[in-house]
1. Rg to Rh ratio, the stretch 108-157, alpha-carbon atoms and Kirkwood radius?
2. How large is ³J(HN,Hα) for each residue in the stretch 191-204, as worked out from phi by the Karplus curve 6.51 cos²θ - 1.76 cosθ + 1.60 (θ = phi - 60°), to whole Hz, x for Gly and Pro?
3. Return the tail of the calculated pair distribution for the stretch 347-446, meaning the percent of Cα-Cα pairs more than 22 Å apart.
4. Between L339 and L386, what FRET efficiency comes out of the Förster formula 1/(1 + (r/R0)^6) with R0 = 45 Å and r the beta carbon distance, rounded to 0.05?
5. Size of the dipole of the chain about the Cα centre, Lys and Arg at +1 and Asp and Glu at -1 on the beta carbon, nothing else charged, in debye to 20?
6. By DSSP, what percent of the beta bridges with both residues in the chain are antiparallel, rounded to the nearest 5?
7. Carbon and sulfur atoms: what percent of the 1.4 Å accessible area of the stretch 106-245 do they account for?
8. Find the accessible area per residue for the stretch 257-394; the probe is 1.4 Å, ligands and nucleic acids are left out, and the unit is Å².
Amino acid sequence: MIGITAYGGYVPRLRLSRQAAAQANAWYAPQFGGRKGTRAFAHWDEDSITLAVAAARDCLGPASARERSTVRALLLASDTLPFAERLNAGVVAGALDLDEGIEALDLGGTQRAALSAFTQAVARVAAGGGDTLVLAADNRRTRAASAQELEYGDAAAALLVGTQNVLAEYLGAGTVTADFVDHFRAAGEDLDYHWEERWVRDEGIAKLVPRAVQAALAQAGVAAAEVDHFIFPTTFAKMDQQLAKACGIRAEAVVPNLGDCVGDSGVPHGLLLLAHLLERARPGQRIVLAQFGSGAQALVFRVTEAIDGFKPARGVSEWLARGVEERHYTRFLSFKGQLQLERGMRGEQDKKTALSTAWRHHRALQALVAGRCEVTGSVHFPPSRLTYDARPLQDTQKPHPLADRPARILSWSAEYLSWHPAPPHHYGQIDFEGGGRILMDFTDLEVGEVDSGTAMEMVFRVKDVDERRGFTRYFWKATPVRGASKT
């Protein structure tokens, strides 16, 4: 049996109020004044790589709780990867501290790339290639005052595909590959060009998706009437219900799209909805997941008895509950890189990265791995060949991961003197349980939310961007430990 053995997701904490965005642009686009709800958007230090890392950690759990050596391949699907030529999936694998012997691959070019990544993962597992981690993430840019600005959202999803403790058995797939262009983005461009909505809905989605669904059901040996859950990401009102009817699937099987609180996250949205559904799915239920893009693709699953034995680290439900409504439209534009704010002279820095140094310390920087002295038990970051405690010792440190360890603030500061994309700049000394102390940036917090002793957790984020050369540098930051709370 091959299928999903673990799942997870991630939705950024910030949620733009559609009403606030519509009010800001009412002088230009009054037709959007009635939009309700929120859409998720990434913090300034989040991109498709960091979103994917967050979803993967939700899926795999702490490194100490799940043996990650079983992961032999990582497939990252996205249409908004930060690098055109640098293995984005390799950066994710490094942050997860996966074995360097794994295969890693980037996929994109279509909204259904995540489903294609999943079928590739199934083929790899079937060939004896070991567990494969399928990740999908998007962080799309839009034009101000456009429909897409309100409809889109940022998110990521993760599925682990294997043969042991299968939670949802893979039954079959159907694919229609057709160069039907509903929107496109040329190489080197930041924004999509969209075609007329009725044409896309009536000639594209309505005709191509049922073919993929019917092919998938036929391969799976499942009748349409037996489908318990039907997932189809769409921004068109009732399009998912229309497709269900066309395919012979019951109307009550249609899964809500999370459009009112997340928006359409693009490539990962189908897997995100699936991960959310699996939190409440029951053994024996059959699921159809379809997605449109350069044709269409559909997958069929059967939930197994093992579903009750797995829980993600947090799950999509908790990420949704953590959302905070943002009504400052200019903050959204700034974090999306669409509004250049005054930086002052302190912001005029050349942030060239020493690539040789980055490689020499890559495990410490990417995976937040310290060194623990086997003689004294002291923890040092960055790790070193030399340990200075009561007496100097050499080559006594062993790798000691910190990313999943409980931590608290020892001392901190919040200041406006230096330029920062989200002032004030919060940073401080972080003490880790079991040893280790690092001076770190803080992220995703409000003024007055932290103090000495505040419990913090580590998140993988953008450290800074070398705008002259187009290189993004990543590191770990501290954010407050939060329980689930309503928006």
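The values are calculated or read from the model by the stated rules, or taken from the named source; none is laboratory data. Note that this is a predicted model, so its numbers are computed, not measured. Cβ sites come from the backbone with ideal geometry, for glycine too, and all protein chains shown count toward neighbours. Just so you know, the surface numbers come from the protein's heavy atoms only, side chains and all, with ligands and any DNA or RNA stripped out. Shrake-Rupley method; radii C 1.70, N 1.55, O 1.52, S 1.80 Å.
1. Taking Rh as the inverse mean 1/r over Cα pairs, Rg/Rh reads 1.17.
2. Listing the rounded values in order: 10, 7, 10, 10, 8, 5, 5, 5, 4, 4, 5, 7, 9, x Hz.
3. 44
4. Details: r = 47 Å, r/R0 = 1.04.
Rounded to the nearest 0.05, the efficiency is 0.45.
5. Value, rounded to 20: 240 debye.
6. 80
7. Ligands and nucleic acids excluded, carbon and sulfur give 47 percent.
8. Roughly 49 Å² per residue, with all protein chains present.
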